[in-house]
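To start, the structure under review is shown below, and the notes come after it.
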There are 2 protein chains.
Amino acid sequence: MVTEHSRHDTRLDRFVDSYSQRTNGMRVSAVRALFAVANRPEIVSLAGGMPNIKDLPLPEIAGSIADMITSNGTQVMQYGSGQGEPALREQILDVMALEGITAHADDVVITAGSQQGLDLVTRIFCDPGDVILAESPSYVGALGTFLSYQTEVVHVGSDEDGLDPTALRETVARLKKAGKRIKFLYTIPNFNNPSGKTQPWERRLDILSVCAEEGVLVVEDNPYGLLTLDADPIPAMRSADADVIYLGSFSKTFAPGFRVGWVLAPHAVREKLVLAQESATLCPPVFSQFAISTYLATQDWQGQIEIYRDMYRERRDTMLHALAEEMPDGASWTRPAGGFFVWVTLPEGLDSQAMLPRGVNARVAFVPGGAFYADGQGARNVRLSYCFPPADRIRIGVQRFADVVRRELEVMDTFGIDASPHELRRPTGPGPDLT
Amino acid sequence: MVTEHSRHDTRLDRFVDSYSQRTNGMRVSAVRALFAVANRPEIVSLAGGMPNIKDLPLPEIAGSIADMITSNGTQVMQYGSGQGEPALREQILDVMALEGITAHADDVVITAGSQQGLDLVTRIFCDPGDVILAESPSYVGALGTFLSYQTEVVHVGSDEDGLDPTALRETVARLKKAGKRIKFLYTIPNFNNPSGKTQPWERRLDILSVCAEEGVLVVEDNPYGLLTLDADPIPAMRSADADVIYLGSFSKTFAPGFRVGWVLAPHAVREKLVLAQESATLCPPVFSQFAISTYLATQDWQGQIEIYRDMYRERRDTMLHALAEEMPDGASWTRPAGGFFVWVTLPEGLDSQAMLPRGVNARVAFVPGGAFYADGQGARNVRLSYCFPPADRIRIGVQRFADVVRRELEVMDTFGIDASPHELRRPTGPGPDLT
């Protein structure tokens, strides 16, 4: 909408000619504006990726953090290491061991959330014009970061088991032939955001094998891996290949507000990451690191993950049952074995971006699929999240969503496919509703 | 030192051809390696910029943070706003009011420490090859960040009142004639790191006036402003010009471990900063923000700043007395009216970088002046900090430092000026010892 409002903003910005080229690519998405409205309590939000942390033992956490401050306050409130606190890096090895990873604490770099891990990895590897390969679809926050470094994101096709190794090989060959520099493959093998798909173990090995043959670095992002709802975790890709750069996070297994994630990287890469971290923030949040270290040392963190699993399992099952009951013919969706998200494919002819205002009007919010592609795909897709609202709200939300889809189909039947062009928006920052 | 060690590292790094151009400019400085040794307890470190937070009321802080978790845990441990928590942004207005700033909370962006403010400001404004003007000398951590964005840092001459407006005007003219794009002037008007100099009010107005005439944006970095030791704070540059981008921090007035700073920026710039923040970390540390908000609301934070002032005043006075008593003729130094640092100019012919190993050998650590220049100046300078060690250790440290200088002078008298070339090292990441 280049309207009165946009012209007004431009006129007010006396710095408009001073911004860097990367900044000129940053846009506030229309989705974000809608979500400001969608935060009203009467609206069921199936849009957000916020974990539900209501079951945390707050009094116990409060007590242990208070003890930590009283006994060690001048350390936990002081500057710390650019790489992150050594004790926490050791504890992170225990967390990663649950997914089959053997590593050394010296190769772990703590980051201000996993998002900063993405930022720093992109920073040390990517020049403008470099190519990053990503799943099809892929995490909106990663795409925003990749594009902010003026890279080109190329999506690789997927099937029901996630990223397709054959498509990967073809894409790499095509890009190399075109003279492109591929810097890495970005993949979320467990309960992909947004698709909810999981790569089986054999699939992971196939992908690693293609990447090794083609000399493509693998960046494995695994925020949800321990939130498996039906089975034990599948070992991480990093467990099979020490050259994989692995991104971990406490945001979903404990709480996101501390902003503590980590990167496990080969030694040489780790050194560059620490330099980049120091340039970005001097050191990752020190108090947060000690708070999480204290939590891991004093609380039953694995028991807490079990509690989270039970909660999310009920919500996922509720959403899948509601979808099966409510959705009209022609729609399909994924059945995630963990994580937070279901990926819906709408009946042919529907447009999820155009449908969003009608959804909000019907008091249900969701994320249109286009946000998860850098290239304009996803018009027929919707990401629904079951992580935050309780089961009864999920049921109501899915009913409303199905109603909106049905009405769209009726309109289409009456007037034909609405072929009016709609703007394809590239994702930028993800915002709290888009995690 | 391109020795066995460096070659070994390069051979091990199979990613060496994959890094971005900006990464190839990152180097671990020789200073950093020395500081690893310098952390031994027998060494008096006059190198670090760590605030001394021993006087914080730990039990009271522990109690208020525990209450915060018990009563509001699911909010303070959840994702938050990319711009930062609204309540804290309001409280920051009260902090800035102490230096004459009137602003709106909507124009404040919270950052993961002031260092991230520097990173995000550079990110939104600077393309490779753009020029950033900086004081002569300037903060090593800022220089590292600026260079990591492949900018060119040009130092502007200064006199006893800090940055010289006449030199500024000449530098701008010269650069414009050469076709350079100047993106902003970076200045620390209060108790400059490392020079300890303070711009008087009239000087600030003169600098603002030159920048307004020449269309140069001003970035005012003010981490130490409230740690004035002799007089009331001088109003911030931002108080005279709402187009100034102002960087603030709680690291020195409260504690650095929370990693909470902020940027106050004109509205259009603020919007870009929020997008950049979301891309970098989704949101600044939420728990930290609530912890600081709680501290400001429940503790006597202004009284705490008075306690800090008294502590730092004693230390500064101790250092200045010791320097006057101990230093040989031909050396000079600044007399800071606040902050953490004294800037020493060694007698002609001495080289501070070459002197550092001999200093560490004599059990005193300092930062050679070259770290605070992007262009190889500063060989005769040393930054001494009085913030962290207690007074008796400061006295011993200065004695040892003066002894080292004296011995260097004796060697020079005997053998003549050592004209052996020494590597000029560009700063990269600052590290905890270089804040």
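Calculated mean residue ellipticity, 222 nm, chain A: -14000 deg cm²/dmol, from DSSP H runs (n ≥ 4) at -39500 (n - 2.57) each, averaged per residue and rounded to 500.
Summing charges over neighbours of B:Arg204, with a neighbour being any other residue whose Cβ is under 12 Å away from its Cβ, gives -4 when K and R count +1 and D and E count -1. Compared with its chain on its own, segment A:269-292 contains the following residues whose accessible area drops by 50 Å² or more in the full protein assembly (probe 1.4 Å; ligands, DNA and RNA excluded): A:Lys272, A:Leu275, A:Glu278, A:Ser279, A:Thr281, A:Leu282, A:Phe287. Residue by residue along A:61-73, Cβ atoms of other protein chains within 10 Å of the local Cβ number 6 on average. Between B:Ala212 and B:Asp310, the contour length at 0.36 nm per residue exceeds the alpha carbon distance by 31.5 nm.
Can you give the FRET efficiency for A:Gln299 and A:Leu98, using 1/(1 + (r/R0)^6), R0 = 22 Å, r = Cβ-Cβ distance, to the nearest 0.05?
0.85
The same position A:Asp300 in the other copies lies at 4.5 nm from this copy, comparing label points 7 Å beyond Cα toward the beta-carbon, shortest first. Return the whole-Å distance between the Cα centroid of segment A:247-278 and the Cα centroid of segment A:334-412. Result: 32 Å between the Cα centres.
FRET efficiency for the A:Ala354 to A:Asp329 pair, using the beta carbon distance and R₀ = 22 Å, is estimated at 0.60. Calculate what fraction, in whole %, of the accessible area of segment B:58-299 sits on carbon and sulfur atoms when a 1.4 Å probe is rolled over the protein chains. Roughly 49 percent of what the probe reaches on segment B:58-299 is carbon or sulfur. DSSP beta bridges fully contained in the protein assembly as shown are about 55 percent antiparallel.
Take each residue of peptide B:80-93, count the partner chain Cβ atoms within 10 Å of its Cβ, and average: the result is 1.
Note that segment B:109-116 has calculated 3J(HN,Hα) couplings of 10, 7, 10, 7, x, 5, 4, 5 Hz, one per residue in order, obtained from phi through the Karplus relation 6.51 cos²θ - 1.76 cosθ + 1.60 (θ = phi - 60°); glycine and proline are x. Rounded to the nearest 10 degrees, the inclination of helix A:267-281 to the longest alpha-carbon principal axis of chain A is 70 degrees.
Just flag the trypsin sites (Lys or Arg not before Pro) in segment A:179-208 sitting in loop per DSSP whose Cβ has no more than 16 other Cβ atoms within 10 Å. The qualifying sites are A:Lys180, A:Arg181. Placing unit charges on each Cβ (+1 for Lys and Arg, -1 for Asp and Glu) gives segment B:58-299 a dipole about its Cα centre, and among B:Ser251, B:His267, B:Val121 the Cα reaching farthest toward its positive end belongs to B:Val121.
Neighbouring Cβ atoms from other chains, within 10 Å of the Cβ of residues in B:108-120, number 4 on average. Contact order for segment A:58-299, expressed relative to its length and based on alpha carbon pairs under 8 Å spaced 6+ residues apart, stands at 29 percent. Exposed loop sites here are GluC sites (Glu not before Pro) in DSSP loop states with at most 13 other C-beta atoms within 10 Å. What is the longest stretch of chain A lacking them? It runs A:161-347. With K and R counted +1 and D and E -1, the other residues having a Cβ less than 12 Å from that of B:Ala66 yield a net charge of -4.
For chain B, the longest principal axis of the Cα atoms and the long axis of helix B:391-415 meet at an angle of about 40 degrees.
Nearest 100 Å², what total accessible surface is buried between chain B and chain A (probe 1.4 Å)?
Chains B and A together bury roughly 7100 Å² of accessible area.
Label-point distances for A:Ala87 to the equivalent site in the other copies, using a point 7 angstrom along Cα→C-beta, read 2.9 nm when ranked shortest first.
For A:Arg40, the point set 7 Å out from Cα toward Cβ sits 6.9 nm from its twins in the other copies, listed from shortest up.
Measuring with a 1.4 angstrom probe and ignoring ligands and nucleic acids, B:Arg14 comes out at about 140 Å² accessible.
At an R0 of 30 angstrom, the distance between the Cβ atoms of B:Asp317 and B:Glu90 translates into a FRET efficiency of 0.25.
For helix B:58-76, what angle does its Cα long axis make with the longest principal axis of chain B, in degrees from 0 to 90 and rounded to 10? The helix B:58-76 is inclined about 50 degrees to chain B. Rounded, prolate or oblate, given the Cα gyration tensor of chain A, with a/c below 1.5 counting as rounded? Because its axes are fairly even, with a/c under 1.5, chain A counts as rounded. Per residue, segment A:58-299 exposes an accessible area of 26 Å² to a 1.4 Å probe, with every protein chain left in place. With chain B treated as a Gaussian network of Cα nodes joined by springs under 10 Å, which of B:Ser385, B:Ser20, B:Ser138 yields the largest mean-square fluctuation? Among B:Ser385, B:Ser20, B:Ser138, the largest mean-square fluctuation in the Gaussian network model of chain B belongs to B:Ser20.
Relative contact order for chain B: what is it in percent, counting Cα pairs under 8 Å that are at least 6 residues apart? Averaging sequence separation for qualifying contacts and normalising by length gives 25 percent for chain B. Taking Lys and Arg as +1 and Asp and Glu as -1, the other residues whose beta-carbon sits under 13 Å from that of A:Met96 total -3.
With contacts taken as Cα pairs under 8 Å and at least 6 residues apart, segment A:16-134 reaches a relative contact order of 13 percent.
With the simple model of a label 7 Å out from the Cα in the direction of the Cβ, B:Asn72 to B:Thr166 spans 5.3 nm.
Of the residues B:Pro235, B:Tyr79, B:Gly339, the one whose Cα sits farthest toward the positive end of the charge dipole of chain B, with +1 on the Cβ of Lys and Arg and -1 on the Cβ of Asp and Glu, is B:Tyr79.
The values are calculated or read from the model by the stated rules, or taken from the named source; none is laboratory data. Because the structure is predicted, anything quoted here is derived from the model rather than measured. For neighbour counting, all protein chains shown are included, and Cβ atoms are generated from backbone atoms with ideal geometry for every residue, glycine included. These accessible areas exclude ligands, DNA and RNA; they are computed on the full protein's heavy atoms, side chains included. Shrake-Rupley method; radii C 1.70, N 1.55, O 1.52, S 1.80 Å.
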